[in-house]
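The values are calculated or read from the model by the stated rules, or taken from the named source; none is laboratory data. Note that the coordinates shown come from a computational prediction; the quantities given were computed from them, not determined experimentally. Note that each Cβ is placed from the backbone with ideal geometry, even for glycine, and that neighbours are counted across all protein chains shown.
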Amino acid sequence: MSLKMEEHRDDLASKTGMWLFLFTEMLLFGGLFVVYSVYRYINADAFHLAAQELSVPVGTINTIILLISSATIAMSVTAIRKNNKKLSLLLLGFTILLGLVFLGNKYFEWGHHIKENIYPGSPVLASRGQGDVLFYGLYYFMTGLHALHIIIGLVFIGFIARLIIKDRIVSDNYVLLENSGLYWHLVDLIWIFLFPLFYLIT
Amino acid sequence: MSAHEGMQEPNYLEFKGKYKGIYSWIFSTDHKRIGLLYLFSILSLFVIGATIGLLMKFELIAPGKTIMDAKAYNAFFTLHGIIMIFAVVIPGLPAVFGNFMLPLQIGAKDVAFPKLNLLSWYLYVAGVLMVVISQFTGDQAPDTGWTFYAPYSFRTAGNMLPAVFGAFLLGFSSILTGLNFLVTIHRMRAPGMTWLRMPLFPWTLYATAWIQLLATPIVGITLLMIVAERLFNIGFFDPTLGGDPVLYQHLFWTYSHPAVYIMILPAMGAISEIIPTFARKIIFGYKFMVASSLLIAFVGYFVWGHHMFTANMSGKALYIFSLLTFLVAIPSAIKVFNWISTLYKASIYLQTPFFWAMAFIFVFMIGGFSGLIIGSLAADVHLHDTHFVVAHFHFIVFGGTGFAFFGAAHYWFPKITGKMYDALWANIGLTVFFIGFITLYMPMFFLGVAGMPRRYFDYDEVFHTGNIISTMGSWILYSGLSIIITNLFVSLKRGVKAPADPWGGSTLEWTIPSPPPVENFIETPIITKGPYSYK
């Protein structure tokens with residue numbers, strides 16, 4: 001109700017809320033990590049061979065991209081704290097750009113596999129046996145869900161950038177920007193787990 | 001005609017905000033109005049779910065087809081399960097009475113994130129709409145039961161996608177409610193309200209909120225995997241593609257067993273409010289009540305395997321899950337002992353909410369003990385998937401949560417509406433409801449022991465007598481339900497005006513006028529002692 005006009009602001013509460021939300025995100029992926037571990041245990045050899053087909057350089061580049069983007073959004077928080085609106089927006093722009101590059105790489109990676117007829121439900125994949133079906137099923141599902149989180153994060157950051165332009169996020173009220181940063185770090189963190197699970201452990 | 005006792009503060013029902021009419025409700029971020037939005041949505045769905053139950057019981061009045069065939073029966077028990085579990089009992093007490101009473105009981109103006117609170121309700125409505133859509137589109141209604149077991153859930157011709165996605169949205173709504181309550185309890189308690197001065201209903205909401213937050217994402221991802229399985233044929237749980245259907249059961253129950261504690265903990269909390277108020281005594285063993293709530297929430301995470309005793313788990317896992325299942329009974333028993341001890345040498349004020357609390361303890365005990373029977377390995381092999389399990393479950397969830405819900409509804413009715421309900425009709429309703437409940441579910445225990453399986457529209461002639469009694473019970477129960485609900489609605493119009501504290505309650509919500517002002521507390525209360533401080 002709009003009666004309570006006096007400002008009630010509790011930044012710690014907002015941040016606590018965000019952290020709790022991040023817990024739920026971790027558990028969301030946690031369920032998938034359990035499924036991954038079980039099937040890796042059952043199909044150790046097939047997972048080993050299938051993982052070698054993924055491109056480590058592309059994965060590494062994407063990891064570096066996300067790490068840098070995490071740094072830029074953290075710097076954007078510092079910039080707004082120092083009242084440097086322009087720099088903060090510039091750094092957010094960088095973050096969004098890096099996120100888009102990540103998605104672009106992902107697009108070409110997926111495209112490459114799909115061109116080779118490796119996708120869930122394809123007869124070629126089915127002919128390669130159950131371990132490969134599960135590996136690629138998990139690969140598409142987990143990286144797909146992660147990409148969806150990247151997209152949500154980008155929209156969130158775009159929305160935050162608008163608030164900075166409109167001076168709704170300023171040097172003494174920037175908890176929303178901080179929360180978007182927390183969310184972006186989580187997306188980064190999940191990738192840090194996905195990368196070794198799919199690309200490095202062979 | 002009201003609200004001018006010195007103060008010009010309008011109550012939340014009369015308050016004129018930015019919007020008018022229905023919009024003043026569906027766009028309101030006032031926790032009290034959102035609580036009532038939930039109350040009306042949940043009550044409507046409850047009546048629908050109960051009517052489906054009534055029809056199913058009518059089908060079972062005689063062997064063979066009475067009013068519906070196997071397909072219709074399967075569709076009905078699926079819809080009954082989805083509505084009652086995901087849309088009624090899980091949000092039931094937290095979203096209705098939690099929303100309304102939590103800020104009042106801890107002396108806050110609202111929950112921590114009022115807009116998020118409203119969003120939760122919209123997600124809830126969206127989830128329910130998806131379930132409705134699943135019934136009226138596609139070739140065939142969902143027919144898997146509320147558990148969506150693999151691999152049937154992605155092989156059936158039933159219209160599963162909207163139903164599964166609806167359950168996902170309802171789960172998301174539940175997560176956000178839990179998140180909101182956690183932050184509210186951590187950050188918004190009135191000055192002086194230390195953790196151990198907090199009433200027990202907020203304490204159970206706190207324990208519940210952790211379960212909502214930490215268990216629901218698991219079922220969320222599991223349901224998404226079912227969606228992906230149906231759309232893209234991925235093979236997570238499909239044995240022909242290398243997947244493992246038992247893994248689905250593990251993931252599903254990792255959430256859905258703790259979900260049972262989402263249902264029952266706030267119910268226990270409401271009972272823990274009612275009993276000291278009508279016993280005029282401080283609750284016996286306050287700290288043990290707090291600890292047992294947290295313990296139930298914690299141990300509740302580790303017992304999911306008892307739903308799968310016949311699903312071919314390893315022997316060691318079976319023993320451990322069975323042992324843990326017995327352990328989780330201890331904190332529940334502590335609560336029952338403490339409620340009973342509170343009544344010892346108390347000067348009891350006999351009113352409808354107190355009768356509901358007593359009825360709750362009675363049916364909850366039967367539900368709890370029958371749970372121990374199916375928690376033991378050997379007995380479960382015989383009783384698994386029989387009517388015994390259906391009876392046990394309804395004694396806990398309908399008898400436990402349902403009774404507590406109606407108890408809480410009568411207890412807080414004067415506070416929420418500013419009117420008193422008609423006590424005579426309320427007691428008649430309760431009596432009829434109680435007789436109906438026992439007549440409906442008690443025979444199911446015997447039918448289950450005799451071997452009648454659940455989820456069939458048909459049965460062998462030997463089970464006929466028990467089923468006739470049970471079906472007649474469903475009519476009595478439904479009549480009782482109609483009396484209770486009608487009485488509350490009639491009282492809303494004709495009831496006498498309620499005072500601020502009709503029961504002599506000692507928690508904060510009774511210190512403010514009924515119905516509460518928009519801002520809840522005109523002055524922020526300062527807490528100097530624990531709850532239930534009667535002399």
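When you look at A:Leu89, is it in contact (Cβ under 8 Å) with a residue 40 or more places away in the chain and surrounded by 15 or more Cβ atoms within 10 Å (Cβ to Cβ), yes or no? Please lay out each step first, then the result.
Values: in contact (Cβ under 8 Å) with a residue 40 or more places away in the chain: yes; surrounded by 15 or more Cβ atoms within 10 Å (Cβ to Cβ): yes.
For A:Leu89, the condition - in contact (Cβ under 8 Å) with a residue 40 or more places away in the chain and surrounded by 15 or more Cβ atoms within 10 Å (Cβ to Cβ) - is met.
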Review point. Just for segment B:210-224: of the residues that are at the interface with another protein chain (Cβ under 7 Å from one of its Cβ atoms) and more than 21 Å from the chain's Cα centre (by Cα), which one is nearest to B:His250 (Cα to Cα)?
Key: B:Thr222
Point to revise | Residue ID - nearest to B:Val96 (Cα to Cα), chosen from residues in segment B:226-242 that are more than 7 Å from chain A (Cβ to nearest Cβ) and surrounded by fewer than 24 Cβ atoms within 10 Å (Cβ to Cβ) | key: B:Val227
**Study point:** B:Ile226 more than 30 Å from B:Gly269 (Cβ to Cβ) and in contact (Cβ under 8 Å) with a residue 12 or more places away in the chain
**Key:** yes
Practice item. Quick one: which helices (runs of 4 or more DSSP H) lie wholly within segment A:106-202 and hold at least 2 residues that are within 14 Å of chain B (Cβ to nearest Cβ) and touching a residue at least 12 places away in the same chain (Cβ under 8 Å)? Key: A:130-165, A:175-195
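Say whether the condition of being under 19 Å from B:Arg197 (Cβ atoms) and touching a residue at least 40 places away in the same chain (Cβ under 8 Å) is met by at least one residue in segment B:242-255. Give the derivation first.
So in segment B:242-255, the residues under 19 Å from B:Arg197 (Cβ atoms) come out as none.
Scanning segment B:242-255 turns up no residue that is under 19 Å from B:Arg197 (Cβ atoms) and touching a residue at least 40 places away in the same chain (Cβ under 8 Å).
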Point to revise | Single match in B:Ser491, B:Ser506, B:Ser474, B:Ser470 (criterion: in contact with a Gly (Cβ under 8 Å, 6 or more places away or on another chain) and small (Gly, Ala, Ser)) | key: B:Ser474
**Study point:** Residues satisfying the stated conditions in segment B:181-209, i.e. more than 11 Å from every other protein chain (Cβ to nearest Cβ), among the small types (Gly, Ala, Ser) and touching a Leu at 6+ places or on another chain (Cβ under 7 Å)
**Key:** B:Ala207
**Study point:** Unmet requirement for B:Phe463, which otherwise passes all of (1) surrounded by fewer than 17 Cβ atoms within 10 Å (Cβ to Cβ); (2) modelled with pLDDT of 95 or more; (3) more than 27 Å from B:Ser272 (Cβ to Cβ)
**Key:** (1)
Revision key, fill the gap. Scanning segment B:283-296 residue by residue, those assigned to a helix (DSSP H, G or I), in contact with a Phe, Trp or Tyr (Cβ under 6 Å, 6 or more places away or on another chain) and over 12 Å from B:His257 (Cβ atoms) turn out to be B:Val290, B:Ser293
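Could you go through segment B:449-456 and let me know if any residue there is under 24 Å from the mean Cα position of the chain (by Cα), at negative phi and either assigned to a helix (DSSP H, G or I) or free of Cβ contacts under 8 Å to residues at least 12 places away in the same chain (or both). Break it down stepwise before answering.
Here is the first cut: in segment B:449-456, the residues under 24 Å from the mean Cα position of the chain (by Cα) are B:454-455.
Those left that are additionally at negative phi: B:454.
Checking which are either assigned to a helix (DSSP H, G or I) or free of Cβ contacts under 8 Å to residues at least 12 places away in the same chain (or both) leaves us with none.
Among the residues of segment B:449-456, not one is under 24 Å from the mean Cα position of the chain (by Cα), at negative phi and either assigned to a helix (DSSP H, G or I) or free of Cβ contacts under 8 Å to residues at least 12 places away in the same chain (or both), which makes the answer no.
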Check your understanding: Hey, among the residues in segment B:332-360 that are polar (S, T, N, Q) and under 29 Å from B:Met420 (Cβ atoms), which one's surrounded by the fewest Cβ atoms within 10 Å (Cβ to Cβ)?
Key -> B:Ser347
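Check whether at least one residue in segment A:70-89 is within 14 Å of chain B (Cβ to nearest Cβ), outside any loop (DSSP other than H, G, I, E, B) and of a type in the set (Lys, Arg), and report yes or no. Show your work before the answer.
Within segment A:70-89, the first condition is being within 14 Å of chain B (Cβ to nearest Cβ), and the residues that meet it are none.
No, segment A:70-89 contains no residue that is within 14 Å of chain B (Cβ to nearest Cβ), outside any loop (DSSP other than H, G, I, E, B) and of a type in the set (Lys, Arg).
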Revision key, fill the gap. Flagged in segment B:112-122 as of a type in the set (A, V, I, L, M, F, W, C) and more than 10 Å from chain A (Cβ to nearest Cβ), in numbering order, are B:Leu118, B:Leu119, B:Trp121
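Rundown of residues vs (1) without any contact (Cβ under 8 Å) to a residue 40 or more places away in the chain; (2) among the β-branched types (Val, Ile, Thr); (3) under 25 Å from B:Phe403 (Cβ atoms), yes/no style:
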{"residue": "B:Asp30", "(1), (2), (3)": "no, no, no"}
{"residue": "B:Ser44", "(1), (2), (3)": "yes, no, yes"}
{"residue": "B:Ala50", "(1), (2), (3)": "no, no, yes"}
{"residue": "B:Ala62", "(1), (2), (3)": "no, no, no"}
{"residue": "B:Met68", "(1), (2), (3)": "no, no, no"}
{"residue": "B:Lys71", "(1), (2), (3)": "no, no, no"}
{"residue": "B:Ile90", "(1), (2), (3)": "no, yes, yes"}
Review point. Do you know which residues across segment B:28-81 are basic (Lys, Arg) and either outside any loop (DSSP other than H, G, I, E, B) or within 14 Å of chain A (Cβ to nearest Cβ) (or both)?
Key: B:Lys32, B:Arg33, B:Lys57, B:Lys71
Revision key, fill the gap. Matching residues in segment B:490-525 (of a type in the set (Lys, Arg) and part of a loop (DSSP other than H, G, I, E, B)) number 0
Review point. From the list A:Gly17, A:Gly99, A:Gly104, A:Gly31, which residue is surrounded by fewer than 20 Cβ atoms within 10 Å (Cβ to Cβ) and either under 17 Å from the mean Cα position of the chain (by Cα) or among the small types (Gly, Ala, Ser) (or both)?
Key: A:Gly104
